[in-house]
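Take a look at the structure below.
The values are calculated or read from the model by the stated rules, or taken from the named source; none is laboratory data. Quick caveat, the model's predicted, so the values are computed rather than measured. Backbone-built Cβ (ideal geometry, glycine too); neighbour counts: all protein chains shown.
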């Protein structure tokens, strides 16, 4: 908000020059008069030129202060703010006693302020300081009102709105007659609004309208007054103020006022009035920028008013227009179809709108509308569940996410996808536990747990529901469903205790019938048959043909038979058969046949009979047992994929079956064979939670460990295999458990513990087919710890036990390396030679050839080493190829075969120009050239070494450069290079050598004091060097 630029003319208090006395004849007066006349004629650019000429020509004239001031005024009038700033700055600085000082300061601040408005934001603080100085220095001057106002403007522009508001208030309270009073009131009200003080802003706007009803801002202030009431939720009064603003003749924002008036109707829930006003806006203001939003709002308000057909007409037009409001229009249009039970039409609208609305703020709402449209079509509710879940995950921070996740759980429950229902409800409880849908979601989670056979979990969930929401109308339903969860766990005494209060309460009949069945069936299990008969009979009377009648009849017949009331039992069974012709009791014969065939190993007959139960009696309590039996038949036939499918069916379809843990274990076996590791882990854990013992538990843990290793969950695998070893000392698969434990520990880089596992395997299960590899891993651990002697013994054992396997080749190779690290180079050479002979085509044969050559080199058998290096082809070891050439050349150098060495080195440099060893190759070339009597070529090579690297070879090369210059008797140059070697690198050997050689050069040059300093460096800084004794000798000689 800034009104300063608009008030520039008003703020120039002295723009005309006071009429002067009759001009004197002097030239200064004539110049002054001409400039004044031009300014009074408003020819500010010409006047400025004349004022500048006056100041230049008559700088000491008594009127110079006024000329300087008027020059600033002209510059300001011409909007030459930088030049005006300079003029007023000079006026303030050079004429501190001028009568124009206060005005100059005011206009200096205005120049700074206008520069800031023009883009030089750094001028705001300067302008603020200028105005503050004026107010402090001239508190009674008439300029104070403007200075106060414009200081407020500068602070407002810097975001210091609290301070700005105080200054605007000062103008309003202390300068009521100032021309800036309306602007100050307007600025104060706007600032209070932006500071979130609608009540204060409203009072300010009331004052404005009372005093300045005809001012230019009056219409806008009326609109703003309405907004302050709207912000305070005083929508009725706000609506009237908006109407007043909209009715102002010629008000440029009348359309906005009308738009906001409709919003006030909306907030009062006067949707019909709001819709009518929104709809009239485009007709009254056809060019308004609010027309698109008004059309959308009209459709929305018609929808909220229950005028769905009218809403669709408006919203269809809004949607067709496209643009930013199209997504919201699609939302309300879809909702109007859903309100009138037309979900297919709603789905068409949403599906057409969603691709364009992906980045819209209504993307989540449209996705929710789509899910609702699917949900309202019962055959598509499974799709609806997925759509709700996708929305909740994709728009996790959206306010709709909790409701979407709830609906995903509800839809999943409705279609019988209990696992998904539990997944979604559990996710809701983690993320939105404090939301109002928490109780409903809790019920879905509990019921899904029941259906999935997670009875303890279900009971806990129902307990939590009853504790947190005891007065909910559906609390009795939760109590009965909790009773079912207890019943399915065979906790019959707890069922009786839990449901007793419900039997005497006025529950609805279906609920009473269900409670009676559970209660009576539990009494049967507790052998309380007389009581059971009475309970079940009462339940049957409450609901003779209900959801639980067949179960009640069966339980009642059982109680009656145990009470020797055969006739009654028979009657109730006949009643069951007549009323429930599809009773699942017929399945038992088929199931028994299947069980017997399985026991005889007749897989084909067993599978066929199990399928009879599954196909013909899918609703039977024995169907789960039939699927379980079929799956084990398939596992016995090694048909793992078929077994997994069968068990998937069992687990998903019979989630509450007591067979679930064992079914999960059986599926884990199938999935592990199919390399479906994570699902297999979930299954094994579910089985282990059921509390198996002995080898059955160990086998399951072993499968769990294999799956964890398959998923590279090595820490978990370690825990699992260790648990087997700790809990089952007689486990038949201990060697396998140790082997897998060792590998898991290796993967975790716990080498010592891995080695211990492998060591135990090799020691306790020496005949295991895994023993050879275990020995190798033990040796590897010793090798990594640099315990090479122990490693060699281990590799040798692995080699002996491994035969001609690839493992044995690796053992032979590492045996050579273990000897090599012990500097047993003859044994190393023999090991590598044996490896090459035993596995001539092995993957490590080329590396062995290189290491055999290295071993010969280390033994000083340089001729044999050279021949061996030349046999190295295609090694896999890093840098082995280049090192073969480099070390061959060094061996030739050892034999003083300088020309041959040079040729080998040149071959190495050509073949490996990018090698990390290039500097060493060049150094060795220099050494060869030096020994061949070519010192200059050697110098060039040594220099190239220093250019390529800072490693030790560079220090050595720099030292050798010094040596060559020493030999050439160029002692000064030698000293330079020795100093570079000593001070340019951090390698003690070459620092000591360089200091010593520099001392010798100084002696040759007769510079004994410098020589002593160099020798002293050797003695003091490198006392362990072989040059230290020589340095001491030279120091003694130079005394």
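Criterion first (farther than 23 Å from residue 452 by Cβ and under 55 Å from the mean Cα position of the chain (by Cα)) does residue 544 satisfy it? Considered against the rule, which asks whether it is farther than 23 Å from residue 452 by Cβ and under 55 Å from the mean Cα position of the chain (by Cα), residue 544 comes out as no. Being farther than 30 Å from residue 534 by Cα and either in a helix (DSSP H, G or I) or modelled with pLDDT of 90 or more (or both) is a description that applies to residue 442. For the range 340-351, the set of residues classified as assigned to a helix (DSSP H, G or I) and in contact (Cβ under 8 Å) with a residue 24 or more places away in the chain consists of 343, 344, 346, 347, 349, listed by residue number.
Quick test for you: out of 826, 847, pick the one residue that is in contact (Cβ under 8 Å) with a residue 24 or more places away in the chain and farther than 22 Å from residue 777 by Cα. Of the residues listed, the single one that is in contact (Cβ under 8 Å) with a residue 24 or more places away in the chain and farther than 22 Å from residue 777 by Cα is 826.
Anything in the range 150-208 that is over 20 Å from residue 130 (Cα atoms), under 45 Å from the mean Cα position of the chain (by Cα) and surrounded by fewer than 17 Cβ atoms within 10 Å (Cβ to Cβ)? List them, or say none. Answer for the range 150-208, where residues must be over 20 Å from residue 130 (Cα atoms), under 45 Å from the mean Cα position of the chain (by Cα) and surrounded by fewer than 17 Cβ atoms within 10 Å (Cβ to Cβ): 194, 195, 196, 199.
This table checks each residue for (1) part of a helix (DSSP H, G or I); (2) more than 26 Å from the chain's Cα centre (by Cα); (3) at negative phi; (4) modelled with pLDDT under 90.
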| residue | (1), (2), (3), (4) |
| --- | --- |
| 399 | no, no, yes, yes |
| 416 | no, yes, no, no |
| 426 | yes, no, yes, yes |
| 434 | no, no, yes, yes |
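With respect to the numbered conditions (1) in contact with a helix residue (DSSP H, G or I) (Cβ under 9 Å, 6 or more places away or on another chain); (2) more than 14 Å from residue 1031 (Cβ to Cβ), which one is the sole condition not fulfilled by residue 1006? The single condition residue 1006 does not satisfy is (1). Just one of the listed residues (523, 528) is touching a residue at least 12 places away in the same chain (Cβ under 8 Å), more than 52 Å from the chain's Cα centre (by Cα) and not assigned by TED's automatic domain parsing to the domain that holds residue 455, namely 523. When each of 523, 500, 479 is tested for being in a helix (DSSP H, G or I) and surrounded by fewer than 19 Cβ atoms within 10 Å (Cβ to Cβ), the lone residue that passes is 500. Can you name every residue in the range 899-934 that is touching a residue at least 24 places away in the same chain (Cβ under 8 Å) and either part of a loop (DSSP other than H, G, I, E, B) or over 19 Å from residue 959 (Cβ atoms) (or both)? Within the range 899-934, 899, 901, 902, 908, 911, 912, 915, 916, 917, 918, 932 meet the criteria. Within the range 70-94, being surrounded by fewer than 24 Cβ atoms within 10 Å (Cβ to Cβ) and closer than 20 Å to residue 144 by Cβ holds for one residue alone: 92. Go through the range 216-243 and count every residue that is in contact with a helix residue (DSSP H, G or I) (Cβ under 7 Å, 6 or more places away or on another chain) and either closer than 23 Å to residue 286 by Cβ or assigned to a loop (DSSP other than H, G, I, E, B) (or both). The qualifying residues number 6. Counting only helices (runs of 4 or more DSSP H) that sit completely within the range 258-339, those holding 2 or more residues that are under 23 Å from residue 367 (Cα atoms) and within 41 Å of the chain's Cα centre (by Cα) correspond to 291-304, 308-321, 326-339. Report, by residue number, each residue of the range 924-940 that is surrounded by fewer than 24 Cβ atoms within 10 Å (Cβ to Cβ) and under 19 Å from residue 987 (Cβ atoms). The one that is surrounded by fewer than 24 Cβ atoms within 10 Å (Cβ to Cβ) and under 19 Å from residue 987 (Cβ atoms): 927. Taking the criterion of being within 46 Å of the chain's Cα centre (by Cα) and in a helix (DSSP H, G or I), would at least one residue in the range 784-793 satisfy it? Yes, the conditions are met somewhere in the range 784-793. On inspection, residue 348 does not qualify as at pLDDT 90 or above and either within 25 Å of residue 257 (Cα to Cα) or crowded, with 18+ Cβ neighbours inside 10 Å (or both). A search for C-beta distances below 8 Å between a residue of the range 126-143 that is over 17 Å from residue 89 (Cβ atoms) and any residue that is assigned to a loop (DSSP other than H, G, I, E, B), counting only pairs 6+ apart in sequence or on different chains, returns 142/13. Residue 431: more than 26 Å from residue 472 (Cα to Cα) and either surrounded by fewer than 24 Cβ atoms within 10 Å (Cβ to Cβ) or touching a residue at least 60 places away in the same chain (Cβ under 8 Å) (or both), yes or no? When the stated conditions are applied, residue 431 does not pass them.
Applying the selection to the range 650-687, what residues are part of a helix (DSSP H, G or I), out of contact with any helix residue (DSSP H, G or I) (no Cβ under 6 Å at 6 or more places or on another chain) and either touching a residue at least 24 places away in the same chain (Cβ under 8 Å) or farther than 25 Å from residue 447 by Cβ (or both)? Correct list: 652, 653, 660, 662, 669, 678. For the range 715-742, filtering for residues that are surrounded by fewer than 18 Cβ atoms within 10 Å (Cβ to Cβ), touching a residue at least 24 places away in the same chain (Cβ under 8 Å) and assigned to a helix (DSSP H, G or I) leaves 2.
Can you spot a residue in the range 947-967 that is without any contact (Cβ under 8 Å) to a residue 12 or more places away in the chain and either in a loop (DSSP other than H, G, I, E, B) or in contact with a helix residue (DSSP H, G or I) (Cβ under 6 Å, 6 or more places away or on another chain) (or both)? No, every residue in the range 947-967 fails to be without any contact (Cβ under 8 Å) to a residue 12 or more places away in the chain and either in a loop (DSSP other than H, G, I, E, B) or in contact with a helix residue (DSSP H, G or I) (Cβ under 6 Å, 6 or more places away or on another chain) (or both). Exactly one residue out of 558, 610 is at pLDDT 75 or above, part of a helix (DSSP H, G or I) and within 22 Å of residue 649 (Cα to Cα): that is 610. Annotation note: Cβ proximity below 6 Å between a residue of the range 1011-1027 that is under 15 Å from residue 983 (Cα atoms) and a residue that is assigned to a loop (DSSP other than H, G, I, E, B) (sequence gap 6+ or interchain) occurs for 1018/1027.
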